[in-house]
Amino acid sequence: MSKFTHLIIFGAFLTASSAYAAKQQEIVEHKLLMDHGDGHLMDMDGGMVMGQNKDKLPGGCDKISGDEEITVRAGHKYSKKFPGTMFAFDKQEWRIKPCTRLTVHFINEDNIRHQWMMHGLPKYLYDKGMFHLEVTGPAKISGTLIVPKEDKTYLVHCDIAQHMEKGMKGQLVVGKGGGTFPSIPGLTDFAIPDNYGPTQIAATTSAQPAVTQPTAAQPLPAPQSSSNTGTFIIGLALGLFATPFAVSNFKQRFKGMSSKDVVIYGANLGKSLFDQAVHLAISIYRRFKK
Ligand SMILES: [Cu+2]
């Protein structure tokens, strides 16, 4: 075989193997994290744990009641069952007994950054009341915390801009829980409901105000077909008034130009004016045809 044939075979092999690798989308596990103290761990590849706590007991817990592990998956594909969302966790609620030592394995399946961020923890144990896992995917990262004794519902979300608003939101319920959060996909009511129902379409076509819809969900009225023509006429009028100024401008502009350049310039200007005139004629014709 010639050198050239070898090269082609090698190239084909490379293409096939890289395509296979892309299809597999291997989950990288971030295990070797550097401990920065106060439960803050990170590595140079963007893996981060904040609020790690394996041994400090929250107030009221005599001992760790038990060890639990949950695996949370994050990705665009989990949002598909929730209309109007773009991102989601595979589950929207986790239930844990008080004083449990909880290890969260967070698997980000997207090729972007996601977080599993829990809020409302006691600040004497958790900086800013947060426990937080973060990684650029596809990757896996794990962290551990001890949940307090009180019955409480904790907000969990991804804090990357717009990810929570687009669906990456859930809640961790300790004991019986307490309180609810709005807009958790499939779980709680939306703070601002989206509307994909037929009433919306009916309201738009009949141009009658939909009484039942909140104002925030109201669509803008469809632009009137005549408004374009109106704008154009105003523009044309302005253009005519401005012509004397334009002429003096042109005189200065043509200084030093050869006659050929002036002719080309004029031809281009003439063409654009002609196009506009045609456009005007067509819109006027359409208007009267109705
Ligand atoms: Cu995210």
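So here's what we get for this one:
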quantity: Search result, residues across region 178-198 that are surrounded by 15 or more Cβ atoms within 10 Å (Cβ to Cβ) and either without any contact (Cβ under 8 Å) to a residue 40 or more places away in the chain or among the basic types (Lys, Arg) (or both); calculated: 181, 183, 188, 195
quantity: Neighbours by Cβ (under 6 Å, 6+ apart or cross-chain): first from region 59-71, assigned to a loop (DSSP other than H, G, I, E, B); second loosely packed, with under 15 Cβ neighbours inside 10 Å and not polar (S, T, N, Q); calculated: 65/97
quantity: Test: residue in region 115-129 that is within 16 Å of the ligand (Cβ to nearest atom), of a type outside the set (A, V, I, L, M) and surrounded by fewer than 20 Cβ atoms within 10 Å (Cβ to Cβ); calculated: yes
quantity: Every residue from region 142-164 that is among the β-branched types (Val, Ile, Thr) and away from the ligand (no atom under 16 Å from the Cβ); calculated: 144, 146, 147, 153
quantity: Among (1) at pLDDT 55 or above; (2) more than 30 Å from residue 287 (Cβ to Cβ); (3) of a type outside the set (Val, Ile, Thr), the one test that residue 214 misses; calculated: (1)
quantity: Lone qualifier among 167, 178 - being touching an Asp or Glu at 6+ places or on another chain (Cβ under 6 Å) and either assigned to a loop (DSSP other than H, G, I, E, B) or within 16 Å of the ligand (Cβ to nearest atom) (or both); calculated: 178
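The values are calculated or read from the model by the stated rules, or taken from the named source; none is laboratory data. Please read these numbers as outputs of a predicted model, since none were measured by experiment. Every residue, glycine among them, receives a Cβ derived from its backbone with ideal geometry; neighbour counts consider all protein chains shown.
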